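Asks: One structure follows; several queries about it will come next.
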Amino acid sequence: MAKLRSQSHKDDRRCHLTADELQALILRLATATRNSLRFLSENNHIIHPSQTVSLDSALSSTILSLSSLHKYLRLQNPNSNLLPMSLITPSRNWFFRFLSNATSSNWVETFRMSKSSFFLLLGTLTPSILSNDPSFPPNHKLAVAILRLAHAVPFHVLSSMFGLHHPVDACRAFYEVCKAVIDRLGHLLELGTDAERILKGFRWFSLVGCRGAVGFFRVSVEGKSISEKKQKEIRGSNAISDSLIVQAVVDSEGRFLDVSAGWDGRMHPSDILTQSKLLDSNTIFAAGCCGSSDGVPLTIPEYLIGGSCCPLLPCLMTPFRNPQSMEAQAFNKAHAQAMDIGASSFKRLLTRWRLLGTKWKEACVETMPYVVVCSCILHNFLLNCNEEGPGIEPVELKEMEIDQRFDEFHGELDDCGVRVRQELVVHMAEMRRRVSRIWDVFA
């Protein structure tokens, strides 16, 4: 035991460094840090964005630690000849280095969009995100926001990467950009407009009169309590929820037409549909599409399609639960193919903007709907730029798991909804017979 104590005392004595030894150690650390920064700057075009973020964060933390130690030593030894801070502090932040070295593929991997789309977006948003601080210009703010959306980079890491004074500055810039996107590009959610384009797209699925596919997915959150008033609006009495639900409508091209986010995870989609008033607007759906399609008379109103968790209504077509006839099975097949577009859009959204797939802290839950809407608008913006899936690898889409598990709707069937669905089935059957006769003529 005495031998162990003696060895311990020797180790303690070895830990005490003189001012000169400590200065030499700081110099070596600072040199290693600068060499690492130089390596990162010269090679960020071959380093994956997530690795770049991790390395830059670690190096920035090292710089801050050395800076704090340097200040402490100067206070303790004001007459000492310590290492100048210019050897420790980097001359440029991460984004300056990125702009100097990034290739086209690096832009896509880092920001999930091409350089041209980034600057097109910047030009659109700049009037709303200008500031009086020349050290934090609009292009830096946009880069902060997109990096957080694309890679879920924490605010304190963004603050270090961009040389900001405090993580609050990065947080403020993120939500400032989100607001600008919603204010200036909100028209890209087109449920109430561009009806002819949407209707034409769904005709390829033989779904005449369809104005969109409505779906739901969950966003994970930390357990949160909800008020008694809210409990009365939710099925069940459990007051704890570990997810929030997003309701979204997409068209046949995968564009988001309408988004309603932030619904409690205990709610059933049928209740969300009612409370979101998605199906209440007479300005969106024509009451009756009397006319014809390729010469076939129609009396089918415009409608959305939804999964088996939704109620069957005149303006909401759901699949048959147990299709017996070939016509009903054909309808279910066409319905499923169109609904797959929505599921694919959800996957692309969460794969491109990884922040949505993280578990949200309770303190940030109130801002989640805001961020989801912004993400959907950016998704549409990139589709308009002909960037369907920049930076998204097929394996990423395959591995992306989205929680879309919801109980089936077991309420009473709406008689008018049953009639409209049957008319649609009859129309689809007639169209198949017409196509078959045409093929026979040319066979």
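The values are calculated or read from the model by the stated rules, or taken from the named source; none is laboratory data. Everything quoted here is computed from the prediction, not taken from an experiment. Note that we place each Cβ from the backbone using ideal geometry, even for glycine, and neighbour counts take in every protein chain shown. Heads up: the accessible areas ignore ligands, DNA and RNA and are worked out on the full protein's heavy atoms, side chains in. Shrake-Rupley method; radii C 1.70, N 1.55, O 1.52, S 1.80 Å.
Asks: Output the qualifying pairs, or none if there are none: Cβ atoms under 6 angstrom, residues six or more apart or on different chains, first residue in the range 26-37 and within 16 Å of L69 (Cβ to Cβ), second residue open to solvent by 70 Å² or more (accessible area, probe 1.4 Å).
Replies: Sorted first by the residue in the range 26-37, then by its partner, the pairs are A30/L87.
Asks: Restricting attention to the range 125-142, report how many residues are closer than 30 Å to E388 by Cβ and open to solvent by 40 Å² or more (accessible area, probe 1.4 Å).
Replies: Number satisfying all stated conditions: 2.
Asks: Would you tally the residues in the range 335-366 being over 18 Å from V221 (Cα atoms), open to solvent by 10 Å² or more (accessible area, probe 1.4 Å) and either in contact (Cβ under 8 Å) with a residue 60 or more places away in the chain or in contact with a Phe, Trp or Tyr (Cβ under 8 Å, 6 or more places away or on another chain) (or both)?
Replies: 6
Asks: Is there a residue in the range 358-365 that is at pLDDT below 90, farther than 21 Å from V177 by Cα and of a type in the set (A, V, I, L, M)?
Replies: Scanning the range 358-365 turns up no residue that is at pLDDT below 90, farther than 21 Å from V177 by Cα and of a type in the set (A, V, I, L, M).
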